[in-house]
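> One structure coming up, written as structure tokens, with questions to follow.
The values are calculated or read from the model by the stated rules, or taken from the named source; none is laboratory data. Quantities reported herein were computed from a predicted structural model and do not represent experimental measurements. Neighbour counts run over all protein chains shown; Cβ positions are idealised from the backbone, glycine included. Note: areas computed on protein heavy atoms with side chains; ligands, DNA, RNA excluded. Shrake-Rupley method; radii C 1.70, N 1.55, O 1.52, S 1.80 Å.
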Amino acid sequence: MALPTKLVVVIRADLPHAWAVNAAAVLGLSLGVRLPGPPPEDAKDASGGLHAGLDPHPVPVLSGTPGELRELHRTARAREDLVAVGFNEVARRARDYDDYLTALAATPGEEVEYVAVGLLGPRNRVTALTKHLPLHGAPARRPSGSGAGGARRGDLFPAGGHDRRFGGPATGDERRLLLDMLRAQRETLRLKCAGVPAELARRSVEPSTLSLLGLVRHLADVERRWFRRVLAGQSAPPVFSSDADPDGDFDGAVDDPEVIEAAWRAWEAEVAFAERFVARAAGLDVEGHDAWRGTVSLRWVLLHLIEEYARHNGHADLLRERIDGAIGL
């Protein structure tokens, strides 16, 4: 006979295996002490051996994005008939329970990020909230589309938006083609960072310090190097990194409104300078000297910047999907 209640554990899809197992164990214990009634009856095997009783609830372990976990926890906590237990990043990083309580008390509610959520309550309520989530470790969900086999990884980003990034010329003047391709890559970075200002500094999977904010800071320094220092010959040291702190662009990308604003301000200033420089250049054969590559042409710099942005926009794709599950070109 089906039980009237249901117990489900939902784990962040990108959580490393060992952490996922730990999260499931923590939530299992936390929900187990909240189950009503006496402990389950012990059982015996055919040889008379005694086996400790197991709770009769099946425990499906599902997978969700950070955004889905946050919304699941918020929705479940608002219902009096559900028990919702969230295993968050504060708890995962804590040394012990006292450390967790102290750290949580200093963390604003909107900054609490969940790595797993456990639910207990009426079967129909729990099913309604979790039926769209896949089993943890199952193949990634793919949106339906017109690609091969009727499905594709993602459409333009954001889906359904009016996207002009790839509407530029495909024939004609070389300078115009290079500039348009670079413009599309710059706009892709901007789009991938749009709509999640509070999570721009969120790191990639540990131990990486990669973040969307770090990419903005890094690419501001990249633009500054090639256009101001190398091609224009200006004395323009990096804004966010240095010889003494070569990873300052990523390490210093912290969740602070002033830091975020400074990153965008620097990036936009460098992009504007680059656009003015290219527009005024006599041709693509204009040259500058770089300590790494020696003599380089404006043509090479534009090609290199396209490659640099394309590589880091691949990082941005994964970082954005980890934040709220949004995907797309």
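> Return the only residue of Leu219, Leu213, Leu182 being in contact with a Cys (Cβ under 9 Å, 6 or more places away or on another chain) and modelled with pLDDT of 90 or more.
Leu213
> Considering region 116-161 alone, what residues qualify as being at pLDDT 90 or above and either assigned to a loop (DSSP other than H, G, I, E, B) or within 18 Å of the chain's Cα centre (by Cα) (or both)?
Residue satisfying the conditions is Ala116 alone.
> If you take the residues in region 290-325 that are of a type in the set (Ser, Thr, Tyr) and more than 29 Å from the chain's Cα centre (by Cα), which one is surrounded by the most Cβ atoms within 10 Å (Cβ to Cβ)?
Result: Ser297.
> Under 9 Å between Cβ atoms, at least 6 apart or on separate chains: pull out the pairs that start in region 264-286 with a residue that is within 30 Å of Val254 (Cα to Cα) and end on any residue that is at pLDDT 95 or above and assigned to a loop (DSSP other than H, G, I, E, B).
Short answer, once both residue conditions are applied: Ala266/Val239; Ala266/Phe240; Glu270/Val239; Phe273/Ala232.
> Which one of these is surrounded by 17 or more Cβ atoms within 10 Å (Cβ to Cβ), under 26 Å from Arg203 (Cα atoms) and without any contact (Cβ under 8 Å) to a residue 60 or more places away in the chain: Pro238, Pro246, Pro257?
Of Pro238, Pro246, Pro257, the one residue that is surrounded by 17 or more Cβ atoms within 10 Å (Cβ to Cβ), under 26 Å from Arg203 (Cα atoms) and without any contact (Cβ under 8 Å) to a residue 60 or more places away in the chain is Pro238.
> Could you tell me which residue of region 248-296 is nearest to Leu178 (Cα to Cα), considering only residues that are among the aromatic types (Phe, Trp, Tyr) and in a helix (DSSP H, G or I)? First the steps, then the outcome.
Filtering region 248-296 for residues among the aromatic types (Phe, Trp, Tyr) gives 250, 264, 267, 273, 277, 292.
Next, from what is left, pick out any that are in a helix (DSSP H, G or I): 250, 264, 267, 273, 277.
On the way: Phe250: 28, Trp264: 23, Trp267: 19, Phe273: 16, Phe277: 14 Å.
In this case the residue turns out to be Phe277.
> Listed residues Asp98, Asp55; which is part of a loop (DSSP other than H, G, I, E, B), open to solvent by 40 Å² or more (accessible area, probe 1.4 Å) and without any contact (Cβ under 8 Å) to a residue 60 or more places away in the chain?
Asp55
> Can you name the residue in region 84-95 that is buried (at least 16 other Cβ atoms within 10 Å of the Cβ) and more than 19 Å from Leu119 (Cα to Cα) and, of all such residues, is modelled with the lowest pLDDT?
Residue satisfying both the conditions and the ranking: Ala94.
> Looking at (1) closer than 25 Å to Asp317 by Cα; (2) of a type in the set (Phe, Trp, Tyr); (3) at pLDDT below 95, can you tell me which one Phe250 breaks?
Checking Phe250 against (1) closer than 25 Å to Asp317 by Cα; (2) of a type in the set (Phe, Trp, Tyr); (3) at pLDDT below 95, the one that fails is (3).
> Any idea which of Val26, Val21, Val8 is β-branched (Val, Ile, Thr), within 16 Å of Thr130 (Cβ to Cβ) and either part of a loop (DSSP other than H, G, I, E, B) or at pLDDT 85 or above (or both)?
Every option except Val8 fails the conditions.
> Taking the criterion of being surrounded by fewer than 14 Cβ atoms within 10 Å (Cβ to Cβ) and more than 29 Å from the chain's Cα centre (by Cα), would at least one residue in region 196-215 satisfy it?
No: region 196-215 contains no residue that is surrounded by fewer than 14 Cβ atoms within 10 Å (Cβ to Cβ) and more than 29 Å from the chain's Cα centre (by Cα).
> Return the pair list, or none, for Cβ contacts closer than 6 Å from residues in region 61-75 that are open to solvent by 30 Å² or more (accessible area, probe 1.4 Å) to residues that are at pLDDT 90 or above and in a helix (DSSP H, G or I), at least 6 apart or on different chains.
Filtered contacts from region 61-75: Val61/Ala24.
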